[in-house]
Structures are given as structure tokens and as C-alpha cells.
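Structure first, commentary second.
The values are calculated or read from the model by the stated rules, or taken from the named source; none is laboratory data. Because the structure is predicted, anything quoted here is derived from the model rather than measured. Because the Cβ atoms are built from the backbone with ideal geometry, glycine has one as well, and the counts that use them run over all protein chains shown. In case anyone asks, the SASA skips ligands and DNA or RNA and just uses the protein heavy atoms, side chains included. Shrake-Rupley method; radii C 1.70, N 1.55, O 1.52, S 1.80 Å.
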Amino acid sequence: MSMILEVKDLYATVEGKEILKGLNLTLKAGEVHAIMGPNGAGKSTLGNIIAGRDGYEVTSGEVLFKGKNILELDTEERACEGVFLAFQYPVEIPGVNNTYFLRAALNAQRKYRGEPPMDAATFLRLVRKKLKVLDLKDDLLKRAVNAGFSGGEKKRNEIFQMAVLEPTLAILDETDSGLDIDALRAVANGVNALRGADRAMLVITHYQRLLDHIVPDVVHVLADGRIARSGGPELALILEEKGYAWLQENDSVAVENS
Amino acid sequence: MSAMPLSEIISLDPGFNSNEPDWLNVRRQLAFERLTATGLPVEGSENWRYSSLRSLLRKNLNTQADVVLESEQLLSLAGLEQDSYRMVFVNGLYQAHLSLVPDDIKITNLASEFENSEIDALLGDMPDAADAGFSYLNTTKFQDGLFIQLEKNTLCEQPVHLIQLSAGDVLSNARHIIHLADGASLTLVEQVIELSGQTGGGLLNTQTQVMLADKARLDWTRAQTLAGKSTLVDRVDCRLAAGSQLHCTHLDLGGLWVRHDFSVELQGQNGFIEVDGMVMVRGRQHTDFHTRIDHQVENCTSRENFKCIADGRGRGVYNGKILVQVGADGTDSAQKSANLLLSEHAEIDTKPDLEILADDVIASHGATVGQLDDDALFYMRTRGIDEKLGRKLLMRAFCQEVIDLVEVESARESLGAKLDQVFEEMELVG
Amino acid sequence: MSSEASQFDQLVAAKYKHGFVTDIETEGLPPGLDESTVRAISAFKEEPEWLLEWRLQAYQHWLTLTPPNWAKLDILPIDFQAISYYAAPKQDKDRPQSLDEVDPKLLETYEKLGVPLHERARLAGVAVDAVFDSVSVGTTFKKELAEVGVIFCSFSEAVKDHPQLVRQYLGSVVPVSDNYFACLNSAVFSDGSFCFIPKGVRCPMELSTYFRINAAETGQFERTLIIAEEGSHVSYLEGCTAPMRDENQLHAAVVELVALKDAFIKYSTVQNWYPGDENGVGGIYNFVTKRADCREDGAKVSWTQVETGSALTWKYPSCVLRGDNTTGEFYSVALTNNYQQADTGTKMIHLGKNTRSKIITKGISAGHGQNTYRGLVHVGKNAADARNYTQCDSMLIGKTCGAHTFPYIEVKNPTAKVEHEATTSKIGEDQLFYCLQRGISEEDAVSMIVDGFCKEVFRELPMEFAVEAKALLEISLEGAVG
């Protein structure tokens, strides 16, 4: 299996405050990893750094994507390389049509890869196919990007975009937050449909419940800016039962698996 | 001195009063010079475009009236308990025998502090504007007013009531100062009421300065229920330091001709101002409410919610200005003006202004003019509620949002009762 | 990655790519304004006596007026004696003889805007007959219009050929004494468009300056009069998205629309005069009085404007909803960059019963631009069941610009419903990041967001115009390459 993401001894600050303190993480193609951890542990920071958000400063360490140092790339170049971040709070862009937006994104990425732009008809066929797979309604295509969407609709729209853009690495940042159980199931189904041998996924979540639906290969616990524990799916269940405080009490016990 | 028209009163030189401290004489003289230069605001200037002073200038006014008021009478008039803290002014003059204040904090009348040199500084710079005539007039003539100065972290547990009584056809000029030091907190309930049995028709020209230091908080309810012919010109200037909060709710039900200018400068970060108003105009009433909220620094929040019901030949005017200065990023500002126009001779003029010079801001405003919802009325009627009661319920619902903001329960209840009384008097079936 | 600040710097540094200098001499009146100037203009144009009298009356009234100062505009004093009030049309020999002689940058802009080839030549001031037969193009359309009875010609021609119509309607919407600039225009107007749509006629094509070739150079005091008779229908396009040659500092135009029973006039403007340089030097002062009179029942007028040019814009296209069941609409996009200032909006005067108005405005401020919406919604005593909906949105790009909203709402009828909403936003860092994360470049992201912001207005423009207006906005905001 080829290497998708290697995070090596990563230190990062936000507004001068050190958030990541020597984080290590490795994802291979076909794998789904979950990152759990208490609030403020740095979960979202990791996603934002990989995607290249302003205001997050890497002080040392590296992030390799398919062997390439992506910290040197602009945000849109990373996206074109195949990094997709499903936002915790998807952004509203009033007046910009969802379909138009997505086609602009897809064609920007195709151009980057040296492929010709996709014409409108082909694109529409593609989009309708994906809608069907994700069991989404057609009217999503006619609306403005996330404007006036409910929380659940926004999250589904993120997964829909992911399905169309077919990234190599998908980072799902708290995709479960604010979802009721039906919406959660729909989102999880969407994500599962996109699992594949060429793709890696990093699922960032606070709660175990999402992992009932998206079963990860590896669960990492992020605490105080580094991976405190890694294990199989059962680790999530232990955390759910005992809470994050359990980590501190059992700091000496290391569970290695991966 | 006998009664004379306002247009002549403003030309009376205050002269030098040896009983008053020098700073006050200097101030009065400067104000008089400016008043002479500007006169009272003329119709047609932008801030006065909907309010004409013509009949006000012709109004014959006295400088004083003989008023005898007993404590019992006052308490019932203002709806107060025996032990309610209160500062009472009749035609701008302090009534010690009717007032009751806690002795551990500084709540007193301004005149008793004239020798305190700090007062001059607290009064601050005099405005210098072509339409500040009423402010100059106040400075040339004020005799007294409320003076509250709370020390650092002082909490005044009980609400303090400021009662301003208008009696007779008198021009009165009250001047109030409210100064809360760091972390101090106060609840103030102000009432402007008419002393019945006197010939009505006076002019109250009040001016209030509010200074809130870091993290101070003022909850302020202002209810005006003047009788038919009285007039009111009211100016409030507030300065808010970092983290301070001002919650101010107005209720204007009375007065023939009323003008408010409520101005707030947000001078420290994380300041919060909410100013709300419920205005009712009937008969030939005219109420003009101007607000100005000036976001001078980052991260302050302002909220405005004004409602007006215009009936009869009433005219309701609202002009709310929000300024966001250069660099005042993180400003969060919302302003609403909702109006009900109920009669064919009534008028609503509303002008919500935004002036924005910073880009990282949330600023929105909305204004509506409309009527009671016919569908709702019909729905109620199908359930057996007659039209008159239906209208009353809908109007009460329209006002309730503002009434609910009144902090002090007793004040909230009495304001609600006053509104109900007004609705009862109205010719509701159209 | 480049920082947010430098992105914005580049963004607001977009240059006006259209300005160029011409030294071609013109014949005309020397600078200066007095009664003899007015008489001379009228004489040059061989006008009838009544029109001269009308001009003189306007001039006498103008002398009693002072310039308005209520707008939120920083205006340098205008020396009215330094302006030349009449320039004779240019001679063909003085013009560039072919497109090869025209500034290639200008042609590049036309290309970007998608201006048709022959139109480019006309706009660039090439002696049109040397390039293509404009007269025949013009006459073709004129013939087609004449068949249905539509009169579309220059104002001067109308004075000669249709004096009764001009006399009946001129000044009936914007009276001579209306305001300082309209009054000046009435005294010294040079030329403009005249349009008459007879009863029941649906104008077979959109009327634009493109077809009005012989009236292309109307100068700085333009006067337009459009009359739509009962049941008629017309869409008029003013200006052009491409730059107009103009060296004048001051423009004071007047546009009058008269809509009779059940008539519909749609008036679209794209204004792209020279905005001055990035230091605020130069640029057009644009003072325009535009007003429509929905004079009879059922009339409807819709104004759409895209204002990206001029150093200073003072403009309030208005509707007097006099007849019952009349409708007024105003859709506006105004962009101010560098040191541009705009104080623009509308007046909706509801007088008749059951009248409707709708106002949608989008103000975009960048650089040191100051953008003001000023609007009046007035519901008169007899305007039963009037309805208005207003939405004013502002977008700020950068920290040195300003966005201001001054709505005046005056309601005197208890059956009226008026709603006003305003919002202020910026191009958020989070919006940009979101687009970048999906692989969209920053420049595309900015134009996409601005375009989305303006969508409700662009939708109202005739299709070709909308495409050009979009392109124009993009050009005005160009330079944001991240």
C-alpha cells in the first residue's frame, strides 16, 4: 500500500499559542483513521494545517502528501493535489450557485492535472449520478453554496462535493457535529460509499457515535497536541465509556497498533 | 416674571450670578453666546427635517410655578412604595422632602455639588453644532438635576427612581449626571409625568450625561406619560468604557411634541449597548426619536429595537444612526424599526442610517411600516374573539417585545398597565 | 501563502484600463457661461424660439440656485466658467482612420468585454465610414422601427422633426427648476436621445446607443426623453460597457421617462466613465437626474444600473407612481474603488392607489472608495394599498473604504406596507479559504463572490448587457492574483 499522508514531529501555533506539540501520524491508501480527543486538543488544527488555512503556523516538523512536502503549496494547490477538507462549519456563499461552484472547482483541479475542462452536460450527468449514490435531492444543485442550508444539509453538501471531486485524502472535521441520527446515518453512508483502495480518510470527531457508522481501521487519541494513544476501533468504545479523563490516569499504558 | 414665548426666552442673557461658582458662570455665558449664534434648530436641517419648532417657539412659558405636593400624592402618582429610593424633581427643581436615597452611596442633587470642581469636568465639552440649541438653552438655565456617582464595584441593590414632574406651563431645564466607576452597577427607573390639576403645557428640556467606566453596568428604564399639551426635549449623551454595559428601554406614551436625542459613544472594547423604545402617538401627538451609536473601537455590540404605533393625527419619527469608525473591527450591530400605522391621518417617518468605515463588521438594519395582521384578526374572530379585543391583543403583542426588556418587574408591570389603559381609550374598530 | 492584506492591496490596485488621451482639436464655444452662451447653443442647433425661451428661463433660474451639499460626497468646487458648453462634432479627418491607429490596450479591453468588432471602431472614435457603413446599419434599424411607428432619433432631430411631441413632454417629468444640475442641463443641454413608442406597440428590438450612431457624441449635458404611449413596451439600453472617449470633468445629464396607461419602460444603464487614477486625481463628476413618471394607470418603469465609473456619482433614478396600479423598480450595482465616491439610490413616490415598488441595491467598496445608498420611499395620503420592498446590501473589500446607507421612509397612508432591509458584509477570509480549499484560484474566488453578491441585479439586465457588466466588474476588481 502506498503512503498517502505522513505527519512527522509536527509543532504548530495559532495566535502565538502552541497547539500541536510533536504530532506523528501515517496514513496509507485504503485506510480510514479516526482522530478523537477532548475539546482544545488540536484536532481541528491538524485538519486546517493540512489544508493550509491562514493563521496556523508550523514551527517545526513536516507534512508529506504522497511523499511531497505540501506545506510549501498554496491552499488551492493542495486541493488540486487531492486534499479535501470537509469543514466543521461549511461556509455560506450567497448568490453563488452550488453547481456552478462545484464545476469551477472540478475544472480548476482538472486543469492542474493537465486534463481538459469537463463540459456542462457531462458534468451534470456526473453530478446526478453522485446525488443518487448519496441519496440527495436535485434541488441541492439549484441553491447557492450552503446559503440558508440547515446544519444537516451543509454537512451532506460537503460529502457531495467530496464525491464529485474524488480526493486522495479526505479530512472530515467534526462532520457529525450538529446532526440528528438520520442525518448522521446519511452522511456516514455517503462517506462509506467513497471508501476505496486509492483513498485515505481522516475522520476527526469528538464522539464515538460516528464511528459506529464509519468503522475506522485505526483510532488515535489526540491530547495536548500529540497522539496520546492509538488502537483499533475498540479504543473508541473505551473512551466513550470512560471519558477522556481515563487517558490521564493510564498515561503509562501504551496501546500500539498499526 | 410673566410668561413669554420661547422665541423670546432664548434671548435672555443669563448674566453673572455671584451665588454660583465661576466655572458655572463661564459655562452659562459660553452657552448663551452659542445659543445666540445658532438659535434653536430650524426646520429643514437634516436632523430636524420631520420636526417643526414653529408652534413651540410661539408657546408662552413661565419660569416657575407654585407647586405643593405631598408625599402620599407622589407615591400614588408614580406607583412607588414608601421605601422606594427616589429622587424627585418638579419643573427641574429638587424636592428633598419627597426624595429618599440610600446613605451609603452617592446619590444626590447636582446643585448641592456645585462647589465640587469635578462637576465641571464631568459635564465635559459643550457641543459645538448648529442644531445644539436646546443643549445651550439647558446650560444657560439649568438649576438642578440628579447626580449619581458610584464608587468602584459598588452595587446598588434596590432600583433608584428618578421622578420628573411637569407642572403648569413652565420651561424647566434639568441636568443629570450619572457616573459609574469600574465595575459599579445601578438600576435606574425614570418617569416623566404630569402633575394633574395644573394648567398643562410646559416644556421640559432635559439633558443627561452618562459615563460608564470599565465593566460598569446601567439598567435604565425611561417612561414618559406627560399629559396632552406638554412638550419634552430630551438629550442623553453616554460614554461607555471597556466591557461596560448599558441597557436602556424607553416608553413614550404622552406629550404633544416630544423630541429625544440619544447618543452613545462606545469608547472601550467589548462595550455593549442596547437601546429600545416603544412610542405611541395619538391625537395630534408628535414624537421624534433620534439615536446615534458611535462604534469607535473594536469588538463592541449594539442593539436597537424601536417600535411605534401611530393613530389619530399622530406622527412618529425615528432616525437611528449607526457609525462604525475606521478600525472598529469586530463590531456587531443590529437595528430594527417596526411601525404600525393605524389611521388615515397619522404618519410614520423612519430613517435607519448606517455609516461604516471598517470591513470586519456585522451591521444590519431593518424597517417596516404596516398594519395589524388581517389574517390573524380573522383567525381570532373565527375563534370568537371580537375585532376590538383582537386588535388590542395584536397591539399588545407588538409592544410586548419591548416591554419584556424592562429589567425591574414593578416597572415592567406598571408600563404594561399604562399601555393597556391607552389601548382601552383608543377607538379600535376601524 | 500571501497574506490577506497583500491580496487586498493587489485587488484594489486594479487599474482603469480604458483611459487615453486625445489631442484632436474641436470647434465650438470658448469656455464660459452667460446668457449669450445659451443663445449661441440654441442658434448652433437652429432651435425654434420656444426652446430658446425655455433654455433662457432655465438659465435665469439656475443663477438663483446654489449647488446641493447634502450628499455624502467630497466635491471640489466646480468652476462653471471654465467649461466649454458646446463642442462641434469632430471632423472625420481628425479621427483615427483605422483600428490600427487606436491604442492597443483599449482594443484589448474591448476584446475582453466582447464588444463586436464594428462597434469597437465606433467606440474608439474611428471615422466610422472609413471602416464600415454605419449609416446603412443605422438606417436599416430606423426603417424597421419606422414600420411600427417607433421614433428613435437624436434629441436635435426630434426638435426639428417632431416639435409638438418634444414641446408637450420636455420638462414635464423633471421641471426646469427641479435641482441645480437639472436646471443647468436645461439651459445648456447639447443633445441626447428621443424615443417615442406609439400606442399598443411593442418595440421590436432593444434600443441602445449602438443603433443611434448619428447621435453618438452627445457631450456632457445629455438630455434624454422617452415617451411610451398606452399599452406600449420598450427596453432602452444606455451607455456602453466599453469606455467612452471623454475628456470632460463634469457631466450633468437629465433623463425623463413618461409611461402612459399600461405602458412598460425598462431602462438599463452601464456607466463606466473615467474614474480618476489610483490617487484620486482626475475623473468624471457625474451628476444625473433621472426620473420616470408613471403618469397613467397600470404603467410600469424598471431602472437597472451598473455604476463602476466616474470619480463621483450623484444619481437617483426615481419613479413617480402617479397612476393607480403602477409599478416602479430600481436595481443597482455600484462599485467604488481607489478614491471613487458614489452617492446613489432612488426615490419611489407612491401617489396612486395600489402602487408597487421594489428596490434592490448592491454597493461594493474597495480601496478608499466611499459608497452611499440614499433612497426615499414616500407613500402619500391617497396611495391606498401601496407596497414597497427595499433591500440594500453593502460589501466592503479592505479596511480603508466606507459603505453607508441612508434610507428615508415616509408613510402617510394606513394601508401601506413598507419593508426595508440592509446588510453589510465583506469578502470573508473563510469564504476565500473555502474556495481555495476546493482548488479555485483567489482571483476567480473574488469575482465569483462579487458576482454572487450582485446576482439579483444582473438578472434584471438584458442578457448581452449582463455578460458585459459581469466582465466589467471583473476588470474593475482585477489584479487579485494570489
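When you go through B:Glu409, B:Glu401, B:Glu387, B:Glu413 one by one, which is the residue that is without any contact (Cβ under 8 Å) to a residue 60 or more places away in the chain, under 24 Å from B:Gly370 (Cα atoms) and not assigned by TED's automatic domain parsing to the domain that holds B:Leu80?
Result: B:Glu387 is the single residue among B:Glu409, B:Glu401, B:Glu387, B:Glu413 that is without any contact (Cβ under 8 Å) to a residue 60 or more places away in the chain, under 24 Å from B:Gly370 (Cα atoms) and not assigned by TED's automatic domain parsing to the domain that holds B:Leu80.
Listed here are the residues, each with its yes/no results for (1) on the phi > 0 side of the Ramachandran plot; (2) at the interface with chain B (Cβ under 7 Å from one of its Cβ atoms); (3) open to solvent by 10 Å² or more (accessible area, probe 1.4 Å); (4) modelled with pLDDT under 95.
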residue	(1), (2), (3), (4)
C:Asn354	yes, no, yes, no
C:Ile360	no, no, no, no
C:Gly367	yes, no, no, yes
C:Gln370	no, no, yes, yes
C:Tyr373	no, no, yes, no
C:His378	no, no, yes, no
C:Ala386	no, no, no, no
C:Leu396	no, yes, no, yes
C:Thr400	no, no, yes, yes
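Looking at the structure I just gave you, is C:Val450 more than 7 Å from every other protein chain (Cβ to nearest Cβ), among the hydrophobic types (A, V, I, L, M, F, W, C) and out of contact with any helix residue (DSSP H, G or I) (no Cβ under 8 Å at 6 or more places or on another chain)?
No, not satisfied.
Could you tell me whether segment C:404-422 includes any residue that is within 9 Å of chain B (Cβ to nearest Cβ), in contact with a helix residue (DSSP H, G or I) (Cβ under 8 Å, 6 or more places away or on another chain) and in a strand (DSSP E or B)?
The answer is no; no qualifying residue exists.
Only one residue in B:Gln224, B:Gln269 is assigned to a loop (DSSP other than H, G, I, E, B) and over 19 Å from B:Gly124 (Cβ atoms). Which one?
Only one candidate qualifies: B:Gln269.
B:Gly255 passes all but one of (1) assigned to a strand (DSSP E or B); (2) crowded, with 21+ Cβ neighbours inside 10 Å; which number fails?
(1)
Answer with yes or no whether B:Arg86 is open to solvent by less than 30 Å² (accessible area, probe 1.4 Å) and among the basic types (Lys, Arg).
When the stated conditions are applied, B:Arg86 passes them.
Restricting to segment B:74-124, what's the tally of residues that are more than 20 Å from B:Gln64 (Cβ to Cβ) and more than 21 Å from the chain's Cα centre (by Cα)?
Qualifying residue count for the region: 21.
Having 2 or more residues that are modelled with pLDDT under 90 is the bar; report the strands (runs of 3 or more DSSP E) wholly within segment C:184-256 that clear it.
Where strands (runs of 3 or more DSSP E) fall fully within segment C:184-256 and carry at least 2 residues being modelled with pLDDT under 90, they are C:233-239.
Looking at segment C:357-370, can you tell me whether even one residue there is within 17 Å of B:Ile348 (Cα to Cα) and either of a type in the set (Ser, Thr, Tyr) or touching a residue at least 24 places away in the same chain (Cβ under 8 Å) (or both)?
no
Restricting to segment C:453-463, name every residue that is open to solvent by 30 Å² or more (accessible area, probe 1.4 Å) and more than 8 Å from chain A (Cβ to nearest Cβ).
C:Arg459, C:Glu460, C:Met463 - these are the residues of segment C:453-463 that are open to solvent by 30 Å² or more (accessible area, probe 1.4 Å) and more than 8 Å from chain A (Cβ to nearest Cβ).
From the residues in segment B:305-328 that are of a type in the set (Val, Ile, Thr) and at the interface with another protein chain (Cβ under 10 Å from one of its Cβ atoms), which one is nearest to C:Val411 (Cα to Cα)?
Top of the filtered list is B:Val317.
Considering segment B:380-430 alone, what residues qualify as being basic (Lys, Arg) and in a helix (DSSP H, G or I)?
Selection gives B:Arg381, B:Lys388, B:Arg391, B:Lys392, B:Arg396, B:Arg412, B:Lys418.
Going residue by residue through segment A:138-157, is there one that turns out to be facing chain C (nearest Cβ under 10 Å), more than 29 Å from A:Leu23 (Cβ to Cβ) and surrounded by fewer than 21 Cβ atoms within 10 Å (Cβ to Cβ)?
Among the residues of segment A:138-157, at least one is facing chain C (nearest Cβ under 10 Å), more than 29 Å from A:Leu23 (Cβ to Cβ) and surrounded by fewer than 21 Cβ atoms within 10 Å (Cβ to Cβ), which makes the answer yes.
Residue by residue, here is whether (1) at pLDDT 90 or above; (2) loosely packed, with under 13 Cβ neighbours inside 10 Å holds:
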position: B:Leu24; (1), (2): yes, no
position: B:Arg54; (1), (2): no, yes
position: B:Leu77; (1), (2): no, no
position: B:Gln82; (1), (2): yes, yes
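Looking at segment B:96-108, which of the residues that are open to solvent by 40 Å² or more (accessible area, probe 1.4 Å) and touching a strand residue (DSSP E or B) at 6+ places or on another chain (Cβ under 6 Å) is nearest to B:Ile177 (Cα to Cα)?
B:Lys106
If you go through segment B:39-53 one residue at a time, do you hit one that is part of a helix (DSSP H, G or I), under 28 Å from B:Val317 (Cβ atoms) and of a type in the set (Ser, Thr, Tyr)?
Within segment B:39-53, none of the residues are part of a helix (DSSP H, G or I), under 28 Å from B:Val317 (Cβ atoms) and of a type in the set (Ser, Thr, Tyr).
When you scan segment A:174-185, do you find a residue that is modelled with pLDDT of 90 or more, part of a helix (DSSP H, G or I), open to solvent by 30 Å² or more (accessible area, probe 1.4 Å) and in contact with a helix residue (DSSP H, G or I) (Cβ under 8 Å, 6 or more places away or on another chain), even just one?
Within segment A:174-185 (the criterion being modelled with pLDDT of 90 or more, part of a helix (DSSP H, G or I), open to solvent by 30 Å² or more (accessible area, probe 1.4 Å) and in contact with a helix residue (DSSP H, G or I) (Cβ under 8 Å, 6 or more places away or on another chain)), the answer is no, since none of the residues qualifies.
Can you tell me which of (1) surrounded by 11 or more Cβ atoms within 10 Å (Cβ to Cβ); (2) closer than 17 Å to B:Leu137 by Cβ is the one B:Ala65 doesn't meet?
So the condition that B:Ala65 fails would be (2).
Out of everything in segment A:74-91 that is surrounded by fewer than 18 Cβ atoms within 10 Å (Cβ to Cβ) and either among the acidic types (Asp, Glu) or touching a helix residue (DSSP H, G or I) at 6+ places or on another chain (Cβ under 7 Å) (or both), what residue ends up being farthest from the other protein chains (Cβ to nearest Cβ)?
Per the stated criteria, the residue is A:Glu77.
If you go through segment C:143-178, how many residues are touching a residue at least 24 places away in the same chain (Cβ under 8 Å) and either in contact with a Pro (Cβ under 6 Å, 6 or more places away or on another chain) or in a helix (DSSP H, G or I) (or both)?
15
Conditions (1) more than 21 Å from C:Gly363 (Cβ to Cβ); (2) among the aromatic types (Phe, Trp, Tyr); (3) crowded, with 23+ Cβ neighbours inside 10 Å; (4) at the interface with chain C (Cβ under 8 Å from one of its Cβ atoms), marked per residue:
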site: B:Gly330; (1), (2), (3), (4): yes, no, no, no
site: B:Gln335; (1), (2), (3), (4): no, no, yes, no
site: B:Leu341; (1), (2), (3), (4): yes, no, yes, yes
site: B:Ile348; (1), (2), (3), (4): yes, no, yes, yes
site: B:Leu357; (1), (2), (3), (4): no, no, no, yes
site: B:Ile362; (1), (2), (3), (4): no, no, no, yes
site: B:Thr368; (1), (2), (3), (4): yes, no, no, yes
site: B:Asp374; (1), (2), (3), (4): yes, no, no, no
site: B:Phe378; (1), (2), (3), (4): yes, yes, no, no
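Test C:Tyr316 against the criterion of being open to solvent by 10 Å² or more (accessible area, probe 1.4 Å), of a type in the set (Phe, Trp, Tyr) and within 19 Å of the chain's Cα centre (by Cα), and give yes or no.
Taking the combined requirement at face value, the residue satisfies it.
Given the structure, is B:Gly283 crowded, with 24+ Cβ neighbours inside 10 Å, in contact (Cβ under 8 Å) with a residue 24 or more places away in the chain and not in a strand (DSSP E or B)?
No, not satisfied.
Yes or no: segment C:343-350 includes at least one residue that is open to solvent by 10 Å² or more (accessible area, probe 1.4 Å), at the interface with chain B (Cβ under 9 Å from one of its Cβ atoms) and over 23 Å from B:Gln335 (Cα atoms).
No, the conditions are met nowhere in segment C:343-350.
Tell me which residues, restricted to segment A:92-112, are open to solvent by 70 Å² or more (accessible area, probe 1.4 Å) and facing chain C (nearest Cβ under 10 Å).
The answer is A:Glu92, A:Pro94, A:Tyr100, A:Lys111, A:Tyr112.
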